[in-house]
Amino acid sequence: MAEVQLSAAPRLRGALSVPGDKSISHRAVMFNAIAEGKAEITHFLMGADCLSTIACFRAMGVQIDQCVDRVVVHGVGLRGLREPADVLDCGNSGTTLRLMTGLLAGIDGMYAVMTGDASLRSRPQRRIVDPLRGLGATVDGRQNGALAPLSVRGATLHGGSYDLKIASAQVKSAVLLAGLSGDGVMTVTGRTDGRDHTERMLTGMGIDVQTRGSVVTLTPPVHPVFPYALSLRVPGDPSSAAFWWVAAAIHPNAEITTTGVGMNPTRVGALEVLRQMGAQITVSNARTEGSEPVADVTVSSSSLRATTIHGAIIPQLIDEIPVLAVAAAMAVGQTIIADAAELKAKETDRISTVVTALQAMGVRIEATADGMIIDGRGALDGATVDSHGDHRLAMAWAIAALVARSEMTIRGSEAVDVSYPEFWRDLAAIAE
Ligand code: S3P
């Protein structure tokens, strides 16, 4: 296990092009794998999670060429995936496991077993297994489908509907993808307000996906040219940029620009919360790349005040809560995070792991059933903290170290490879 020692930086300055969006990179490989034709994806995130997706689709007969941050996917068409000869390893990646289970459940003649690392094998899977079973799919796993390894025996599904109780884009996507090779309309209702990259990208590939209010429908294509291959440049990941936004906002001598960051409204809740907290933020150069909005974001030293983060905004910032908790600790006043019980279903139980680490940094913070309460006092102590193998924790603790009153030791620092392999290099580049 790698360990990093960090001390506070006197000054943070610079511009960073953060790596490609993780959610979009996964989808670009998966959807182009089952498309007609060849697609070139640039600014692809070569993090461990997306490499797991590439390996899984290669194991199903898809040729995928990789070079630096460019990937070429040679699509095999909707009915062209080969049954894998061995268990598919999803590593640490919930998106790989859940989206692939949905997709394969609808492919006639497919049989696959999917597993992952200890973290992924402990995460809840009934959230996809139940809806897929309800639609007629044959999916199983340990403890009656609660835990991976999962197995799926694909069959043509006849459409149907599922009412989503948790705002999970992975579940929404799994259900929609199960309908792609079917012969009826697939409908998702309820908490469809999670990220909408699946809907946007499939639409860009010629698939009929409609969103009306909270109702999302997918009509399977009747013509074999669909989905067609879609070449794209992946926008910078707002979940990665958020580390630099918080770093600049909490540091007394900072100005950091993140360039080409995805500004999809389902993803930028952290920017809105930081604005509410009083952060100095400038968004410039707004443009559209492919089917996603993109902009440059500059954040500079700010005096942050406490806030309440709850309700509808939670799905738009769920992955940013560890670093927002660091911002709250550096703000003045009590910040309450609520309606975020989903944190417990992430790579670690992020209510307990965040609370434990911030307590070690001298913060008065308390876990609640669906979030946490943080008493900001504008200071953090150095401490020895652990990533517990969770990439977002390793990076959040590094941001805390940039302002801490003494040296911070971060155990398990290699976890950043999951979503941001160049994180330590970028940190060295902006810290003067
Ligand atoms: C993701 C959806 C979110 C997010 C995860 C990526 C996706 O999970 O936390 O990092 O790519 O669809 P949920 O769908 O479980 O909320």
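The values are calculated or read from the model by the stated rules, or taken from the named source; none is laboratory data. Keep in mind the model is a prediction, meaning the values are calculated, not measured. Every residue, glycine among them, receives a Cβ derived from its backbone with ideal geometry; neighbour counts consider all protein chains shown. Ligands, DNA and RNA are stripped out before the accessible areas are found, and what is left, the full protein with its side chains, is counted by its heavy atoms. Shrake-Rupley method; radii C 1.70, N 1.55, O 1.52, S 1.80 Å.
Surface exposure of the stretch 336-432, expressed per residue as accessible area with a 1.4 Å probe, stands at 34 Å². The DSSP beta bridges internal to the stretch 230-386 are antiparallel in roughly 85% of cases.
Taken along the Cα-to-beta-carbon direction at a fixed 7 Å, the label points for ALA312 and THR288 span 2.3 nm. Taken as Cα centroids, the stretch 280-296 and the stretch 1-55 sit 18 Å apart, rounded to the nearest whole angstrom. Helix 94-105 and the long axis of the chain differ in direction by around 10°, with both axes built from C-alpha atoms. With a Förster radius of 25 Å applied to the beta-carbon distance between ALA146 and THR368, the computed FRET efficiency rounds to 0.50. Each Lys and Arg contributes +1 and each Asp and Glu -1, all at the Cβ; summed about the Cα centre of the chain, the dipole is approximately 460 debye.
Diffusion coefficient (Stokes-Einstein, Kirkwood radius over C-alpha pairs, 4 °C, 1.567 mPa s) for the chain: 60 µm²/s, rounded to a whole number. Listed by chain and number, the lysines whose alpha-carbon sits under 19 Å from that of LYS22, ignoring those within fewer than 8 places in the same chain, are LYS172, LYS346. Put simply, when 349-357, 389-397, 49-57 are sorted by average Cβ atoms within 10 angstrom per residue, most first, you get 389-397, 49-57, 349-357. Between GLN63 and ASP339, the FRET efficiency from the beta-carbon distance, with R0 = 45 Å, is close to 0.55. Taking the centroid of alpha carbons for each part, the stretch 403-432 and the stretch 91-164 are 34 Å apart.
Using alpha carbons only, how many degrees (0 to 90, rounded to 10) separate the axis of helix 22-33 from the longest principal axis of the chain? Once rounded, one gets 20 degrees. Counting only DSSP beta bridges with both residues in the stretch 19-136, the antiparallel share comes to about 80 percent. The angle between the Cα long axis of helix 48-58 and the longest principal axis of the Cα atoms of the chain comes to about 10 degrees, rounded to the nearest 10. Subtracting the Cα-Cα distance of VAL113 and SER214 from 0.36 nm times their residue separation leaves 33.1 nm of extension gain.
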